[in-house]
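The values are calculated or read from the model by the stated rules, or taken from the named source; none is laboratory data. In this text the structure is predicted, and so the values were computed from the model without any measurement. Here Cβ is always computed from backbone atoms with ideal geometry, including for glycine, and neighbour counts include all displayed protein chains. Side chains are part of the model used for accessible areas, which takes the heavy atoms of the whole protein and leaves out ligands, DNA and RNA. Shrake-Rupley method; radii C 1.70, N 1.55, O 1.52, S 1.80 Å.
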Amino acid sequence: MDDETGILIFLGAGVLVLIGIIVFGVLSTRRKRVATRRTFTVRQASIGGQPFLESSDLEASDKRQEELFRAAYPVGGSLVLAWAGVGGDRIEQEVHVSRISRSLRAGWPQAKLGLSVYFREWEGSEFPARFTVKGRGTVTSVELDATGVRAVDAAGNLVWSAPWERLLVSNGTDIVLADGASKTIRFELVEDEPELEEILIKYGTMKQMHF
């Protein structure tokens with residue numbers, strides 16, 4: 001076999017491998033688009049006395065699994081939940097889906113998606129609220145009410161604010177909030193106040209701003 005024949009065989013094999021990769025990718029994408037089987041699980045959680053549902057991690061690019069999740073819990077639909085009350089007594093109640101929110105899961109280099117289901121019976125029940133945070137810069141606490149979010153300094157002066165309809169949330173190792181324009185803030189959660197992250201996820205809109 002001369003050198004030219006060897007080179008041609010090598011190039012031909014490379015082309016076949018490339019075609020195989022492309023075909024496999026196309027078929028995999030098509031399967032995802034028409035999938036009918038869920039690849040996620042759902043668990044019931046509770047924070048601040050409020051029950052909600054959350055999915056396991058989803059591939060951020062897998063739109064079909066998100067469609068299946070949303071179809072299983074349509075906004076306005078109802079289901080019966082059971083959970084332990086403050087005294088340990090079992091509570092069972094029919095609840096109605098008010099919203100589904102997206103959150104950032106996992107981390108660099110492959111961000112994943114989380115989906116949470118919230119219910120009309122607790123809509124707005126978190127407000128007003130104030131949480132201490134480990135701020136970047138002068139931010140020491142975050143205030144929430146029915147209109148939106150405000151970050152303030154130790155003297156109570158307003159540092160940053162955004163209405164809920166414009167709030168963008170990225171919940172990575174810390175929290176990044178954006179006002180939908182150009183201004184962002186970053187802060188870390190205080191360990192004994194986990195409700196803040198969940199409220200921001202619930203009423204804000206997820207945008208990946210960490211990596």
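Restricting Ser161, Ser170 to those that are open to solvent by 40 Å² or more (accessible area, probe 1.4 Å) and either touching a strand residue (DSSP E or B) at 6+ places or on another chain (Cβ under 6 Å) or of a type in the set (Gly, Ala, Ser) (or both) reduces the list to Ser161.
Of all residues in region 52-83, those satisfying the criterion of being farther than 24 Å from Lys207 by Cα and not hydrophobic (A, V, I, L, M, F, W, C) are Gly76, Gly77, Ser78. Restricting attention to region 138-148, the residues that are more than 10 Å from Trp164 (Cα to Cα) and either surrounded by fewer than 17 Cβ atoms within 10 Å (Cβ to Cβ) or of a type in the set (A, V, I, L, M, F, W, C) (or both) add up to 3.
Looking for something in contact with a strand residue (DSSP E or B) (Cβ under 8 Å, 6 or more places away or on another chain), surrounded by 13 or more Cβ atoms within 10 Å (Cβ to Cβ) and at pLDDT 80 or above - is there at least one such residue anywhere in region 24-38? Within region 24-38 (the criterion being in contact with a strand residue (DSSP E or B) (Cβ under 8 Å, 6 or more places away or on another chain), surrounded by 13 or more Cβ atoms within 10 Å (Cβ to Cβ) and at pLDDT 80 or above), the answer is no, since none of the residues qualifies.
The single condition among (1) under 21 Å from the mean Cα position of the chain (by Cα); (2) crowded, with 19+ Cβ neighbours inside 10 Å; (3) among the small types (Gly, Ala, Ser) that Ala151 does not meet is (1). Considering region 106-121, and only residues there that are surrounded by fewer than 19 Cβ atoms within 10 Å (Cβ to Cβ) and part of a strand (DSSP E or B), the residue that is modelled with the lowest pLDDT turns out to be Gly107.
Let's see how each residue does on (1) open to solvent by less than 70 Å² (accessible area, probe 1.4 Å); (2) among the basic types (Lys, Arg):
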residue	(1), (2)
Glu67	no, no
Ser78	yes, no
Glu94	no, no
Ser103	yes, no
Gly124	yes, no
Arg130	no, yes
Val133	yes, no
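Within region 173-185, the set of residues being of a type in the set (Gly, Ala, Ser), open to solvent by 60 Å² or more (accessible area, probe 1.4 Å) and closer than 26 Å to Arg99 by Cα comprises Ala181 only. Considering Glu193, Glu188, Glu197, the condition of being over 16 Å from the mean Cα position of the chain (by Cα) and open to solvent by less than 60 Å² (accessible area, probe 1.4 Å) is satisfied by Glu193 alone.
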